[in-house]
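The values are calculated or read from the model by the stated rules, or taken from the named source; none is laboratory data. Keep in mind it's a predicted model, so treat the numbers as computed, not measured. Here Cβ is always computed from backbone atoms with ideal geometry, including for glycine, and neighbour counts include all displayed protein chains.
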Amino acid sequence: MITTIIGIGLLGGSYALSLRDKYPKMHFIGVDASEVHGRLAVAKGIVDEILPLELAVPKSDLVVLAVPVNHIVTLVPQVLDLIGDKGTVIDLGSTKRLICETADTHPKRDRFVAAHPMAGTENSGPSAAFRELLPEKNVILCDCEKSSPECVALAEALFRDIGMKIHYMTPAEHDLHLAYVSHLSHVTSFALGYTVLEKERDEQNIFDMASTGFSSTVRLAKSSPAMWAPIFDQNRENLSRALGDYIEFLQQYKQFIDDRDVKSSFDFMQRANDIRRILSGIEKR
């Protein structure tokens, strides 16, 4: 089986490494805009060779799109044009509605499977890829009824074989839920990092006084803007709604502080503590 990974970064590279463990005879082709990333991916054993898109896709049984979502939208029709009649195309994008709508207009729509592995770090590029990223994590598949049964079966088998847990949603459901449980946390982390950099001008103070709490809260601000700006744009309606809700609660909490309303502040934090129960349950599954 020949698999082409388009975008040999954290997600695409980690997916390839996980597949290598389960399918040692699978041949991997890498496609990447960066020559440096391509050479590094070969050296690290993520892919076996680097080829241009137009040469890699026609000879592939499986093509995985692991680039920023704005590029996925552009690439979906190009890749479907090139893929063979029995090939499968899977995207790993963090938004789904626009990507799926783009695929819906193509005559080879049935060869496409929309997926989103719920895993990542703040790091990027092939050097950030590691085989332990995806096992035991969730992956969401969307619009499977529009894909051929054999393409869905292949995608499901590959995700299950590397240890992922599969869930199914519509693209609209996916984008709404992800606005709250993923995209919002990245926006707030970027905003926190920006606020500290703007208001705490002495970098030595940041270095000297930043606690583990600050470091963990601002960790996502180290994520790639090239990846996240298109995600925020494609999911802007849902994310704006989530941000509006978040700002409303922030303003409410600011009022507690201004009023020295310790009881309301305590009750607010105690209600927020319930997230520990939910996350503990997820970790035990």
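Can you report the number of residues in region 123-144 which are of a type in the set (D, E, K, R) and in contact with a helix residue (DSSP H, G or I) (Cβ under 9 Å, 6 or more places away or on another chain)?
Of region 123-144, the ones of a type in the set (D, E, K, R) are 131-132, 136-137, 143.
Imposing the further condition that a residue be in contact with a helix residue (DSSP H, G or I) (Cβ under 9 Å, 6 or more places away or on another chain) reduces the set to 131-132, 143.
Going through region 123-144 one residue at a time, the tally reaches 3.
Within region 107-151, which residues are among the polar types (S, T, N, Q) and closer than 22 Å to residue 8 by Cβ? Outline the logic, then answer.
Our first condition is that a residue be among the polar types (S, T, N, Q); within region 107-151, this holds for 121, 123-124, 127, 138, 147-148.
Within region 107-151, 121, 123, 124, 127 meet the criteria.
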So residue 150 fits all but one of (1) more than 16 Å from the chain's Cα centre (by Cα); (2) assigned by TED's automatic domain parsing to the domain that holds residue 20; (3) surrounded by 15 or more Cβ atoms within 10 Å (Cβ to Cβ); what number is the exception?
(3)
Kindly provide the set of residues from region 202-235 that are modelled with pLDDT of 95 or more, surrounded by 14 or more Cβ atoms within 10 Å (Cβ to Cβ), in a helix (DSSP H, G or I) and not hydrophobic (A, V, I, L, M, F, W, C), ordered by number.
230, 234
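Return yes or no: is residue 130 touching a strand residue (DSSP E or B) at 6+ places or on another chain (Cβ under 7 Å), in contact (Cβ under 8 Å) with a residue 40 or more places away in the chain and farther than 20 Å from residue 230 by Cβ?
So residue 130 fails the test.
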Is there a residue being in contact with a helix residue (DSSP H, G or I) (Cβ under 9 Å, 6 or more places away or on another chain), surrounded by 20 or more Cβ atoms within 10 Å (Cβ to Cβ) and closer than 16 Å to residue 4 by Cβ anywhere in region 93-110?
no
Could you figure out which of (1) touching a strand residue (DSSP E or B) at 6+ places or on another chain (Cβ under 8 Å); (2) touching a residue at least 60 places away in the same chain (Cβ under 8 Å); (3) surrounded by fewer than 21 Cβ atoms within 10 Å (Cβ to Cβ) isn't true of residue 19?
(3)
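Quick one: which residue in 83, 140, 99 is touching a Gly at 6+ places or on another chain (Cβ under 9 Å) and in contact (Cβ under 8 Å) with a residue 12 or more places away in the chain? Reasoning before the result, please.
Values: 83 fails: touching a Gly at 6+ places or on another chain (Cβ under 9 Å); 140 fails: touching a Gly at 6+ places or on another chain (Cβ under 9 Å).
Of the residues listed, the single one that is touching a Gly at 6+ places or on another chain (Cβ under 9 Å) and in contact (Cβ under 8 Å) with a residue 12 or more places away in the chain is 99.
With the requirement that a residue be closer than 20 Å to residue 72 by Cβ and part of a helix (DSSP H, G or I), what does region 19-30 give you?
Filtering region 19-30 down to residues closer than 20 Å to residue 72 by Cβ leaves 19, 28-30.
Selection gives 19 alone.
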